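So the structure is just underneath, and the comments pick up after that.
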Amino acid sequence: MGHPLLRQVASPVADFQSGELAGLVADMDDTLRALNGAGIAAPQIGVSLRVVIFEVTENPRYLHVSAVPYTVLINPTVTALDGAEEEGWEGCLSVPGMRGLVPRARRVRYQGFDLAGAPIDRTVEGFHARVVQHEVDHLDGILYPQRVRDLKDFGFEDALGERVTPMPD
Ligand code: NI
């Protein structure tokens, strides 16, 4: 948090055939797995392109969080559906050790392309919808603390203690 690249609007991917794109996604995969995260956006590893990946596997630590299939999402758009919002705790690999309570659309439709350039079009809700909104925010230069409504609901995970529902970053 604080790096200028994380405040930039990232550029769309123009060339799906390039080895660079595949290399970028491989680096993002490695980083996400090494840090045990739920999602990561290209700007978080220093590349200002509209690429995010996410995956949530069943984990006994996060019983309330349903699994999200491994997804590479390129040039995404997200549309909030039905206007309902819900608040949930979030963390971020770029804001280590911290958690904040963030309102998000409960249900969204997201569209974009996978690594092969094939279209993706999904309607999701709950944690899946939250992860997508968080990651796509990164592509528009927004980190989740900017969306915390009351800074009393933002702090170190250790200090917040039992208020925070445990979840992957
Ligand atoms: Ni993040």
Those residues of region 23-34 which are open to solvent by 20 Å² or more (accessible area, probe 1.4 Å), among the aliphatic types (A, V, I, L, M) and either within 11 Å of the ligand (Cβ to nearest atom) or modelled with pLDDT of 95 or more (or both), in sequence order: A26
Residue match in region 75-90 (condition: surrounded by fewer than 14 Cβ atoms within 10 Å (Cβ to Cβ), over 18 Å from A38 (Cβ atoms) and within 14 Å of the chain's Cα centre (by Cα)): yes
Matching residues, region 124-154, being out of contact with any helix residue (DSSP H, G or I) (no Cβ under 9 Å at 6 or more places or on another chain) and away from the ligand (no atom under 16 Å from the Cβ): E125, G126, R149, D150, K152
Filtered residues of region 40-61 (kept if within 12 Å of the ligand (Cβ to nearest atom) and in contact with a Leu (Cβ under 7 Å, 6 or more places away or on another chain)): I40, A41, A42, P43, Q44, V52, I53
Residue in region 145-169 that is nearest to V102 (Cα to Cα), counting only those that are part of a helix (DSSP H, G or I) and among the charged types (D, E, K, R): R147
Conditions (1) touching a Gly at 6+ places or on another chain (Cβ under 9 Å); (2) at pLDDT below 95; (3) exposed (fewer than 14 other Cβ atoms within 10 Å of the Cβ); number of the one not met by V68: (3)
Residue in region 15-22 that is open to solvent by 30 Å² or more (accessible area, probe 1.4 Å), aliphatic (A, V, I, L, M) and touching a Leu at 6+ places or on another chain (Cβ under 9 Å) present: yes
Positions within region 1-12 being touching a Gly at 6+ places or on another chain (Cβ under 9 Å) and either open to solvent by less than 100 Å² (accessible area, probe 1.4 Å) or within 14 Å of V136 (Cα to Cα) (or both), in sequence order: L5, L6, R7, Q8, V9, A10
Subset of region 125-145 (residues that are open to solvent by less than 20 Å² (accessible area, probe 1.4 Å), at negative phi, in contact with a Lys or Arg (Cβ under 8 Å, 6 or more places away or on another chain) and in contact (Cβ under 8 Å) with a residue 40 or more places away in the chain): R130, H134, L139
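The values are calculated or read from the model by the stated rules, or taken from the named source; none is laboratory data. Keep in mind that this is a model prediction, so the values were computed, not measured. We place every Cβ from the backbone using ideal geometry, glycine too, and count neighbours over all the protein chains shown. Surface areas here come from the heavy atoms of the whole protein model, side chains and all, with no ligands, DNA or RNA. Shrake-Rupley method; radii C 1.70, N 1.55, O 1.52, S 1.80 Å.
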